[in-house]
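The values are calculated or read from the model by the stated rules, or taken from the named source; none is laboratory data. Please read all numbers here as calculations on a predicted model, not as lab measurements. Glycine also receives a Cβ, built like all others from the backbone with ideal geometry; neighbour counts cover every protein chain displayed.
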Amino acid sequence: MTSQHSAPFEETEASDSTGFLLWQLTSQWHRSIAAALKPHELTQVQFVLLASLTWLENRQRHITQVMLARHANLDVMVTSQVLRSLQARGLVERAEHPTDTRAKAITLTSTGRDLANITIPVVETADTAFFGARDERRRALNAELRRLISAI
């Protein structure tokens, strides 16, 4: 005899749950990116901060930890911890900010810049293999993802 309990789920099938599907997709994508970054001895969060810092340095000067955390949409404390590990590896430097005595200016070292320049195409290639070519469907997906992120 089987016992039937009422479940608190709105959906009748797990595959109808948007959050569950997003979780599964994110997990699969994370594994593919981790595999792509493994030869470079970078975690995904480390890569995101290196890539974000590369992006920001090409557009402005005196990047702070808070600016970097906002750009990467990461918690400031997580950003600080990961920056410490990147600094210990000689990939970033933290110095006194020229105008804000409470902040540190974060910069890539030449080694960090070289590693970012190597790994950004690696991750973009992994993204293309995972999500497909940059066609109209991918642009539409990206637009919807941006909409969801900005709505939070």
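Please verify whether residue 46 is of a type in the set (S, T, N, Q) and within 24 Å of residue 35 (Cα to Cα), treating the condition exactly as stated. If you could, list the steps in order and put the result at the bottom.
Working: of a type in the set (S, T, N, Q): yes; within 24 Å of residue 35 (Cα to Cα): yes.
Considered against the rule, which asks whether it is of a type in the set (S, T, N, Q) and within 24 Å of residue 35 (Cα to Cα), residue 46 comes out as yes.
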*asked:* Can you confirm whether residue 86 is within 30 Å of residue 132 (Cα to Cα) and either within 18 Å of the chain's Cα centre (by Cα) or of a type in the set (Val, Ile, Thr) (or both)?
replied: no
Review point. Is it the case that some residue within region 69-85 is more than 30 Å from residue 22 (Cα to Cα), modelled with pLDDT of 95 or more and of a type outside the set (Asp, Glu)?
Key: yes
Result of the Cβ filter at 8 Å on region 13-38, keeping first residues that are part of a helix (DSSP H, G or I) and partners that are exposed (fewer than 12 other Cβ atoms within 10 Å of the Cβ) and among the β-branched types (Val, Ile, Thr), at least 6 apart or interchain, is 36/125
Residue set 94, 59; condition touching a strand residue (DSSP E or B) at 6+ places or on another chain (Cβ under 8 Å), at pLDDT below 95 and among the charged types (D, E, K, R); output residue 94
Counting only residues that are under 17 Å from the mean Cα position of the chain (by Cα) and surrounded by 12 or more Cβ atoms within 10 Å (Cβ to Cβ), region 119-138 contains a total of 10
**Request:** Examine region 39-58 for a residue that is of a type in the set (Asp, Glu), out of contact with any Asp or Glu (no Cβ under 8 Å at 6 or more places or on another chain), surrounded by 15 or more Cβ atoms within 10 Å (Cβ to Cβ) and more than 22 Å from residue 149 (Cβ to Cβ), and state whether such a residue exists.
**Result:** yes
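I'd like to know if region 25-37 contains one or more residues that are over 26 Å from residue 132 (Cβ atoms) and either modelled with pLDDT of 95 or more or in contact with a His (Cβ under 9 Å, 6 or more places away or on another chain) (or both). I'd like the intermediate steps shown before the answer.
First, pick out the residues of region 25-37 that are over 26 Å from residue 132 (Cβ atoms): none.
Checked against the condition, which is being over 26 Å from residue 132 (Cβ atoms) and either modelled with pLDDT of 95 or more or in contact with a His (Cβ under 9 Å, 6 or more places away or on another chain) (or both), region 25-37 yields no hits at all.
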Looking at region 95-109, can you tell me whether even one residue there is within 22 Å of residue 39 (Cα to Cα) and polar (S, T, N, Q)? yes
